[in-house]
1. Condition first: in contact (Cβ under 8 Å) with a residue 24 or more places away in the chain and within 12 Å of the ligand (Cβ to nearest atom). Can you find one or more residues in the stretch 153-169 that meet it?
2. When the stretch 6-53 is examined, which residues are found to be among the polar types (S, T, N, Q) and surrounded by 14 or more Cβ atoms within 10 Å (Cβ to Cβ)?
3. Go through the stretch 34-75 and give me each residue that's of a type in the set (Phe, Trp, Tyr) and within 16 Å of the ligand (Cβ to nearest atom).
4. Check residue 148 against each of (1) buried (at least 23 other Cβ atoms within 10 Å of the Cβ); (2) at pLDDT below 95 and name the one condition it does not meet.
5. Six or more apart or on different chains, Cβ atoms under 8 Å: show the pairs whose first residue is in the stretch 44-72 and in a strand (DSSP E or B) and whose second is away from the ligand (no atom under 16 Å from the Cβ) and hydroxyl-bearing (Ser, Thr, Tyr).
6. Inside the stretch 123-152, can you point out the residues that are near the ligand (Cβ under 9 Å from one of its atoms) and assigned to a loop (DSSP other than H, G, I, E, B)?
7. Can you go through 99, 120, 78, 95 and tell me which one is buried (at least 17 other Cβ atoms within 10 Å of the Cβ), within 16 Å of the ligand (Cβ to nearest atom) and assigned to a strand (DSSP E or B)?
8. Can you pull out the residues in the stretch 26-44 that are among the small types (Gly, Ala, Ser) and closer than 20 Å to residue 74 by Cα?
Amino acid sequence: MDVFEAIRTVLAVRAYADRPVPHEVVQKVIEAARLTGSSKNDQPWHFIAVERAETLKALSEVATSGRYVGEAAFAVAVAVRSDSIYGVSDGSRAVQSMVLAAWEEGVGSNWIGFANLEPVEEILGVPDGYDILALLSFGYPAQSLGRGNKRRKPLAEVASSERFGTPFE
Ligand SMILES: Cc1cc2nc3c(=O)[nH]c(=O)nc-3n(C[C@H](O)[C@H](O)[C@H](O)COP(=O)(O)O)c2cc1C
């Protein structure tokens, strides 16, 4: 898939078909995360792939803003080193790599973030010194999606040319 086409069409997918995603795709998603560039190439992250149904269910019981992880084909938890001031930016960049790599394979995903992620650390055995930044759920979309049908602010509201407020065309 063309990179811009992937960016144009990818959407948050929260409902998944009851169909497994091949392990090779999971490997590709993790590799996309590993290859992502980080500040000073510090790579202050650790990615935990979860494919076991019982672990996905346990995650869904604590992830209050993403219960649907229980129906996902797999999930990836992104842990970042607590002492890294760039952990959030670096980890977020790796998230986008994974989302796009999965989308190219027809696999939808979503970022489950911030609400009640501490128990996730316990379930996944994340050691002290790391914080969970995001839990990503992945799976083939349950419904076909309007490709590229997004609700986004108009260009004039979010972009300028040369100086803030000068219309960008
Ligand atoms: C930092 C961050 C945290 C998010 N947290 C959640 C979340 O906890 N639960 C959820 O269902 N979606 C979450 N999302 C997904 C957003 O709601 C989604 O990206 C946004 O609504 C745009 O969706 P669309 O691309 O389908 O238009 C999060 C997204 C980001 C970037």
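1. No: zero hits.
2. 9, 36, 38, 39, 43 - these are the residues of the stretch 6-53 that are among the polar types (S, T, N, Q) and surrounded by 14 or more Cβ atoms within 10 Å (Cβ to Cβ).
3. From the stretch 34-75, those of a type in the set (Phe, Trp, Tyr) are 45, 47, 68, 74; that's our starting set.
If the condition is that a residue be of a type in the set (Phe, Trp, Tyr) and within 16 Å of the ligand (Cβ to nearest atom), then 45, 68 are the ones that fit.
4. Just one mismatch for residue 148, condition (1).
5. 45/38; 46/130
6. Of everything in the stretch 123-152, those that are near the ligand (Cβ under 9 Å from one of its atoms) and assigned to a loop (DSSP other than H, G, I, E, B) turn out to be 145, 149, 150, 151, 152.
7. So the residue among 99, 120, 78, 95 that is buried (at least 17 other Cβ atoms within 10 Å of the Cβ), within 16 Å of the ligand (Cβ to nearest atom) and assigned to a strand (DSSP E or B) is 78.
8. Once the filter is applied, which keeps residues that are among the small types (Gly, Ala, Ser) and closer than 20 Å to residue 74 by Cα, the stretch 26-44 yields 32, 33.
The values are calculated or read from the model by the stated rules, or taken from the named source; none is laboratory data. Only a predicted model underlies this, so the values are computations on that prediction, with no experimental measurement involved. With ideal geometry, Cβ positions are generated from the backbone for all residues, glycine too; neighbour counts draw on all protein chains shown.
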